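The structure follows.
What follows is calculated from the coordinates using simple rules that are stated; it is not laboratory data. Bear in mind that the values here come from a model prediction, so they are computed numbers and not experimental data. Glycine gets a Cβ as well: all are built from the backbone with ideal geometry, and neighbour counts include every protein chain shown.
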Amino acid sequence: MITDYKAAVTNIQKELRVYLTENNLKSLILGVSGGIDSALCAALARPVCDETGTELYCRSITISTNKPEEIKRAENTGKYFGHNFKEVNLSLTFEKIIPDIAEDYKEIDKAEHSYKIRQGNIKARMRMMYLYDLAAKHRGMVLSTDNYTELLLGFWTLHGDVGDYGMIQNLWKTEVYETAKYLVGNIKDKKQADALNACINAVPTDGLGITNSDLDQIGASSYAEVDEILINYLKNPNNKNLLNHKVVKRKLASEFKRNNPFNIPRNKITDAPYF
């Protein structure tokens with residue numbers, strides 16, 4: 001685990017600064033959800049954007065199941081960290097297209113858990129379509145907001161969550177919280193600090209209406225517990241006491257997502273060289 005959060009923040013911002021400059025990017029696009037991950041990304045990116053003259057576009061994209069408190073936190077994150085903020089409600093668009101996208105829409109029980117997951121996937125992909133169109137318009141890139149814990153759990157939507165650049169992709173969720181706490185203690189702007197702190201204290205949820213919290217889906221009482229289980233498993237993958245834990249089972253069952261897209265190796269198809 002990280003022991004020097006000041007150095008970690010400095011390193012993240014240095015890497016982002018170099019990437020923006022080398023690739024001549026004019027904007028960063030960030031979907032803000034009211035959760036800790038996107039709020040931390042906004043807080044990390046804003047100083048770098050100010051230094052490089054890069055516009056930070058923050059968008060709160062709501063679709064049917066977002067709670068008022070989530071929307072308010074997203075608004076505060078976008079307003080106080082972004083250069084350009086807007087709330088976009090795609091609920092009507094979602095309601096119009098879902099009957100055409102889901103072939104069994106008329107027959108399926110809408111309360112069925114598996115169907116809620118399918119709906120959540122569609123919502124996530126709609127949001128990403130919006131963000132990528134904005135990036136194309138403003139000659140920028142979309143920031144990823146995933147962390148390492150979510151990556152290992154497959155707790156993200158293929159083609160719906162992963163952006164172009166991940167500042168926190170290799171941070172454990174507990175490190176995400178600690179990095180955010182460090183920033184709250186060092187941000188001079190009170191509104192920014194309060195906005196980030198509200199996301200630290202919020203119940204973690206994906207805003208997709210599948211369950212009341214992320215931890216309900218994962219099957220643990222806290223992210224500290226989740227990270228501890230995953231770390232112990234990675235250290236000793238043959239630990240029989242862990243193999244039957246819901247967290248580890250989820251990690252193993254989602255392996256295909258971390259190998260996406262899968263392409264058949266050429267040597268499995270032919271012994272003829274490429275050229």
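When PHE94, PHE275, PHE85 are ordered from fewest to most other Cβ atoms inside 10 Å of their Cβ, what list results?
Sorted ascending by nearby Cβ count, the order is PHE275, PHE94, PHE85.
Hey, another quick one. Could you line up GLU178, GLU112 from fewest to most neighbouring Cβ atoms inside 10 Å?
Fewest to most other Cβ atoms nearby, the residues stand as GLU112, GLU178.
Once you sort the root eigenvalues of the Cα gyration tensor of segment 209-275 as a ≥ b ≥ c, which label holds: rounded (a/c under 1.5), prolate (a/b larger than b/c) or oblate (the other case)?
Prolate.
Could you order the peptides 86-93, 158-165 from most to least packed, using the average number of other C-beta atoms within 10 Å per residue?
Listed from highest to lowest mean packing, they are 158-165, 86-93.
Here is a follow-up. In which sequence would GLU103, GLU75 go, from the one with the fewest C-beta neighbours within 10 Å to the one with the most?
Least crowded to most crowded, the residues run GLU103, GLU75.
Quick one, which of (i) 134; (ii) 182; (iii) 145 is the actual volume of the Cα convex hull per residue in Å³ calculated for this model?
From the options (i) 134; (ii) 182; (iii) 145, the structure gives (ii).
For GLY166, what residues show an amide H to amide H distance below 5 Å, using hydrogens built from the backbone and excluding near sequence neighbours?
SER144
Follow-up question, since we're still on this one. Mind checking segment 144-233 for trypsin sites (Lys or Arg not before Pro) that DSSP puts in a loop (not H, G, I, E or B) and that have at most 13 other Cβ atoms within 10 Å?
LYS188
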